[in-house]
1. Solvent-accessible area per residue for the stretch 610-752 at a 1.4 Å probe radius, Å²?
2. Solvent-accessible area per residue for the stretch 84-138 at a 1.4 Å probe radius, Å²?
3. Order W518, W550, most accessible first, counting only protein heavy atoms with a 1.4 angstrom probe.
4. What is the sum of charges around S168, taking Lys and Arg as +1, Asp and Glu as -1, for the other residues whose C-beta is under 11 Å from the C-beta of S168?
5. Please find the FRET efficiency linking I32 to R295, where r is the Cβ-Cβ separation and R0 is fixed at 41 Å, and quote it to the nearest 0.05.
6. Out of the total accessible area of the chain (probe 1.4 Å, heavy atoms of protein only), what percent is carbon and sulfur?
7. How large is the helix-only mean residue ellipticity at 222 nm for the chain, computed as the sum of -39500 (n - 2.57) over DSSP H runs with n ≥ 4, divided by its residue count, in deg cm²/dmol to the nearest 500?
8. Counting Lys and Arg as +1 and Asp and Glu as -1, what is the net charge of the other residues whose Cβ lies under 12 Å from the Cβ of A342?
Amino acid sequence: MRLRLRIASICGLLGVSLLAMVALAQDDNTPIALEPSTVSGIIDNDNVTDRYSFTATAGQTVTIRMEADSTVNSALDAQLFLFDANDQPLSEDDDSAGNRNAEIVFTPETSGTFIIEATRFRQNVGTTSGAYTLTLVITDVDTTIDDAVLNQPPPFTVEFTEMAVGGSRINSLAETDSLEYIAVGVRQGDFLRIELNTDDTLDASIRLLARINQTLSVVSQTVESTPTNDVIFATIAQTGWYLIEIERESGAGNYTLRPNVVSDTLLSAETPTEADFTRDTDTLFFVFNATINERVDVNLSVNDNANIQPQLTILDLSQTQLEQRSSRGSQARVSLTAPRSAPYIVRVDSLSNGTGTVQLQLRRIPADITKLTIRPAEYNEDYLGFISDDNPIDYYRFSGSAGELVTVQMATVGASNPLDPYVILADAELDELIFNDNVSASRTARIAQFSLPADGDYFILATRAGLSRGMTAGAYEMEITVGEIKLEAGDLTATLTWEGSADLNLFVRTESNFIISWANPAEPDGGQLQIDSNTGCETPTAQPIEHIYWNELPAQGDYTVWVWYQNDCGSAQPTDFTLTLAYQDENIFTASSSTQADLTLNPDERFEAGIRVTNAGASVVNRGTVSTPSEQQTASQGGDTLIVYGDTIAGSISDTVFARFYQFEGNEGDTVTITVERQTGDLDPIVVLRDAFDTNLAINDDISTDNRNSQITYTLPADGRYVISVTRFGVRDGTTTGSFNLTVQQTITESE
């Protein structure tokens, strides 16, 4: 969620009002047009004010800095004023940049021209003089964190070549080559188009991979593929480095790779947008924002003398096609009732490969909130409902105050309930603030301790994964609470707190070698996870906290406790934390960055402590060390990847990671088919199905004598969590490597 800063006019400094200063500053100076750059000038008694003009778009961040020129020992006490095109005051500053320099940072609510007045403190009645530099910076987003992330690629597990987006790479693949990787740095929200062209002697394909928990996962979708041309698209969910994988299918020869951020033109309902098809451009992309249930029409007209047969397609940010229309005439229109409040992509194709200009106009009919069936809601209450195809969303409305910490949890009710809950918190206009699908490794949806941004009404949308287009149905219970979550007491407790948006996770490995964590929230002997924050960067909270507790005395033995920095969530900075262990209400161990200056964690590091439980009580056996787990430790101990029915997930097996683990929730009587298909390399996969306590239920090596892929079909014996292990023939001692696709399907019988 991006917050916009609205700057109101600031009243006077040292008793001089802004309006009085404005009156003094008005003169006949014509503003000098200024692009983002640094310029120089001199302020003295003969030249009290310099005026500059610039243009900015609504939502951009504008930073204006005026500094006394230190290279000539300037004594100027700089002061800045900012006005709109009608000379109405917007902001001013004297000393906020330090050393008597001035700085204004603001975000325009509307696009237009703005005027800067660079002057000195008290302008005409001031006494300081000297040279200055004026710097104008305009950015679409706050890139401070992004720039740090994009400074250099991370240590991917494969060799790669770095490349800039917007350029092209010409290279060749020999018959001895199988895979090549290219690293590109891109920003959150970028819509990336990657094209691979090969000569007639080489057949190759491309994919875009993201590094998620040290695993390379596919995040792209192929939309065009011919023997000599592959085009893929991807919407970038998080700023960072991604790998373009080029795989040689057959032959050898040259290729040209072109990754580009495609058009980010925002369609407007106020003014039409024009764009050109050329011989080199037969697809155009645009973006618009819509609110849930809003009716949106995209109208396209072809200008005279243009040989274009248009096709309009609306996609969501995952490139799922929602609507499509084509026309043989000069007009085309596609309509959509927005399934949720979000940005959408409009793709325009020229089916005739013609050239010319097209014009797009957005028409929108806002949703009438008064026609929705809305249930009033209050804090600290529980609500029951039922989600189905006829009723995919229940709307709740409550009143809240700025700064209140709100927790919303939606869980299934009853046995053999297939519902996959999904919860959205929205403002009074139904614009989304935050959402959650699966908390930890369960189907339960939870928004934890979200800080409300303002006083007023808020909506909770209790729905299902996929919303109106989803497939699951069932009863649910929703709980709404306010304030800090009250932690459960217990005979043994472990509590982790930290600051910021990073994803730190708490793990306890019990005396029986069972690991309690976000991925395994409960163990047979009574230990359970109460709350987890920021897991997978999907459940952010104002006060991150994780808590594991035992209601009764835990079994005797050694317990290992980890604090694991598993995801940086866009800010790869060292993170302070506090870990507290208590036994029968007595604090037996605390590790805290507030008292140990060197106790911080970097991404992928974990802190490890240990205690021993005996008849006499509990004692500390390891006061804590920081280490970086191996890739296989991360895959085996760091939590299983969640997969649901119908999903396909990409993974890879190598000599450093010879086994990967996934989990899903199923119901008694579900017949599931689990398939592992090799995608690259010489991988000979093996798939194993286990229950929640790691008891093997089924195993398969080869589907048949001539097919080394693996597949299991199995009827689940009970409701609950199941684990899938994907490894290779020979496991640790095996020699085959490569990537694979894992698919889990529920087999529906005719009686169902």
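The values are calculated or read from the model by the stated rules, or taken from the named source; none is laboratory data. Owing to the predicted nature of the structure, the values given are computational and were not obtained by experimental measurement. Note that each Cβ is placed from the backbone with ideal geometry, even for glycine, and that neighbours are counted across all protein chains shown. Heavy atoms of the whole protein, side chains included, go into the accessibility calculation; ligands, DNA and RNA do not. Shrake-Rupley method; radii C 1.70, N 1.55, O 1.52, S 1.80 Å.
1. Result: 47 Å² of accessible area for each residue.
2. On a per-residue basis, 42 Å².
3. Largest to smallest exposure gives the sequence W518, W550.
4. Here the count lands on +1.
5. 0.35
6. On the chain, the fraction of accessible area on carbon and sulfur atoms equals 45 percent.
7. For the chain, the value works out to -500 deg cm²/dmol.
8. On the way: positive: R340; negative: E294, D316, D431, E432.
Computed value for this residue: -3.
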